[in-house]
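Here's the structure we're looking at; comments come further down.
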Amino acid sequence: MTQPRLTFFCELEAEALQALFADLSVLDGLVALPASVSLGILDLTPKRATVVRRLNEAEIPVIAWQLLPEEQGYWFNLGNAPQAVVRYTDFQAWTAEHDLRWAGVGIDIEPDIREVQQLMADKRRLASTLLCRAFDSQRLRRAQAAYGALVARMRADGYRVDSYQFPFIVDERRVGASLLRRVAGLVDVPVDREVLMLYTSFLRPRGPGVLWSYAPDAGSIAVGSTGGGVQVGGIGDVPPLDWGEFSRDLRLARRWSDDVHVFSLEGCVRQGFLARLRDFDWHQPVVPPSETAGQVEMMRRILL
């Protein structure tokens, strides 16, 4: 079994990003694998542009992972399509100003980070809002149209477009439903490559079963988390994958796909995983998580 195409998510503020890539072993490791980087565009600064140029010079493919300021929701969702359009326009101007090259553009479809923070602090505060959304199909249609137009614009600009999605989107499509999207504030827009975020660290002990259950439906499988990422309430306190869990997830994902994303690059560097991946044995057998996958399949049937 050969190594899949690997893409590492990287979600760091500008100064931390520069510090990460000041270590030449990180660039060498990405080149040796070889691997791509999906770089979170947290800002449009010269510092971030400098890192992108270094990756360009090393011929490491870079995907521009589109993000918004936290006060605008951070991830793309039903409530911030106008802001996403403005951000993309600014991104294009920044790209031209600094002569940057991109292998594609990534859109991250997740709930508004401010609502997630409120929910973590007090679950009762959002109850009425979420209930009202369950009956608001017009809001969903408007956002889907706006994001569909944005994706079309990205393609017209010459970019391949990726999306990063929660796995339950697969179940909603299967039955033609939209309830969970309306409540969570998510959109479902056709793109060139859909990446299902199957992060077992957040789903212990059933995480491997979730990965195994949804993997057949994924265009690309994202495994993680190895550490890092934005801090939201107590979510950031979840222990990252250790090497045994990480290597298990990589082999499980490889059984279903030759395209694997890893969250995150900085977590892998911090734990020494990037260096270990150079000699990683993709042929080593892995036991499918049949019991937990069966439990997940049962939950999915109830959901359907």
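Tabulated values for the structure
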quantity	calculated
Residue with peak Gaussian network fluctuation, the chain [Cα springs, cutoff 10 Å], from F76, F263, F202	F202
Helix-only mean residue ellipticity at 222 nm for the chain, each DSSP H run of n ≥ 4 adding -39500 (n - 2.57), per residue, nearest 500	-14000 deg cm²/dmol
FRET efficiency for E70 and D281, using Cβ-Cβ distance with R0 set to 41 Å, rounded to 0.05	0.50
Counted charge near V287, where neighbours are those whose Cβ lies closer than 12 Å (Asp, Glu -1; Lys, Arg +1)	+2
Cβ-based exposure ranking for R141, R53, in which fewest neighbours within 10 Å come first	R141, R53
Which of W243, W65 has the fewest Cβ neighbours within 10 Å, and the rest in rising order	W243, W65
Mean Cβ neighbour count within 10 Å, used as a protection proxy, ranking 293-304, 83-94, 180-191 highest first	180-191, 83-94, 293-304
Near-label residues of the stretch 216-257 by backbone N, under 12 Å of a point 7 Å along Cα→Cβ of A16	227-232, 236
Distance between modelled label sites at D43 and Q138, nm, 7 Å Cα→Cβ extension	4.0 nm
Rounded if a/c under 1.5, otherwise prolate or oblate - the chain, Cα gyration tensor axes	oblate
Stretchable slack from R204 to L179, in nm (0.36 nm times residue separation minus alpha-carbon distance)	6.4 nm
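We did not get these values from a lab; they are worked out from the coordinates using the rules stated. It should be emphasised that the depicted structure is a prediction, and the values quoted were computed from it without experimental measurement. All Cβ positions, glycine included, derive from the backbone under ideal geometry; neighbour counts span all protein chains shown.
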